[in-house]
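Q: Take a look at this one; I'll ask things after.
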Amino acid sequence: MIIICAKHGQYPIDHSKLHPIGNGQSATLIGASEAFDISDDGSLIWLTNTDLTPKVVCLLSEPDSQQTLGIQEIFAGPSLANKWDVPGTGPGEDPRTPGIILKVNTGVIFTGGSKIAEHGGINEDDLHTALLLSFPSFEPQTVRVAVSNQQVAPSSKHSEWTRLSSRLSNRRRFMSSRSFRCASTTIQFNKGSSPGT
C-alpha cells in the first residue's frame, strides 16, 4: 500500500480571510513574566504557575482580549484535559502540555512578518488534509468523507494485517495439500488445520 498525505495543512486556505496578529501577543497581553507562548495559527500558552490559570482564562475571556487575539475558543482546565494531557509537573501531569490553548477565528495567524499562512493550530484547514491511497486491489474512486491523518497508521496497519493474513491463508492451503515424511513418521495436514493442532 502506498499512502501520500500531508503532515499538516496550511491556514487559511482562503487568503481573503487572512487576519495577521503580531507574534507574542498572547504573552504580552497576559504578562511576559507570567507566560510563554508559541503562536502560529493558534496559541499554546505555558504559565509560570498553574495557579494563574483561572485568572488568565478570565482575562482572555474579556471581549477586548477576544478581539485582540481573535479567540474562538479557550481550552484550559477540564476542557483541555478532555482533549490533551493534563499540564503540570506532578504525578500524572505532563510539563510539555501548555496550560492554555487558544483556538482562533478563521484567518487569524500570529506573525510579525509577511506570512500569508501558518500551521500548527486546531482549525479545520490544519486538521483536514488530502489523503491519497494506492493499493492493487483498490478500485479508483473519490471519497468525500472527511478523514484525518490520525487514520493513516491504523489503516496501514490493517492493510498490512490483511496482506499477512492472506499470505498465511495461502501458505495453509499449500500445506494442507502436502504430506511430509519425517524419519519414520508421515505427517498429514488436513484442510483447515495447521501444524501443532
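Please treat every number below as a calculation from the coordinates, not as lab data. As the structure is a computational prediction, the values presented were derived from the model and not from experiment. Glycine gets a Cβ as well: all are built from the backbone with ideal geometry, and neighbour counts include every protein chain shown.
Q: How large is ³J(HN,Hα), in whole Hz, for each residue of the range 39-44 in order, when computed from phi with the Karplus curve 6.51 cos²θ - 1.76 cosθ + 1.60 and θ = phi - 60°, using x for Gly and Pro?
A: So the J values, rounded to whole Hz, are 10, 10, 10, x, 9, 9.
Q: Please compare each pair in LYS7/LYS83; LYS55/LYS83; LYS83/LYS115; LYS7/LYS55 to a cut-off of 26 Å on the Cα-Cα distance and tell me which ones are over it.
A: In this structure, LYS83/LYS115; LYS7/LYS55 exceed 26 Å between Cα atoms.
Q: Amide H neighbours of VAL108 under 5 Å, at least 5 residues apart or on other chains, H built in the peptide plane: list them.
A: HIS19
Q: Can you sort GLU62, GLU118 so the residue with the fewest Cβ neighbours within 10 Å comes first?
A: The order, fewest Cβ neighbours first, is GLU62, GLU118.
Q: Need one number: the % of Cα-Cα pairs in the range 49-92 sitting beyond the 17 Å mark.
A: 40 percent
Q: To continue, here is another question. Around ILE38, what is the net charge, scoring Lys/Arg as +1 and Asp/Glu as -1 over all other residues with Cβ under 12 Å from its Cβ?
A: -3
Q: Please give the contour-minus-distance gain from ASN49 to PHE36: 0.36 nm per residue of separation, less the Cα-Cα distance, rounded to one decimal in nm.
A: 3.6 nm
Q: I want the local charge near ASP126. Using Cβ-Cβ distances under 13 Å, sum +1 for each Lys or Arg and -1 for each Asp or Glu among the other residues.
A: Within the 13 Å Cβ shell, the charges total -3.
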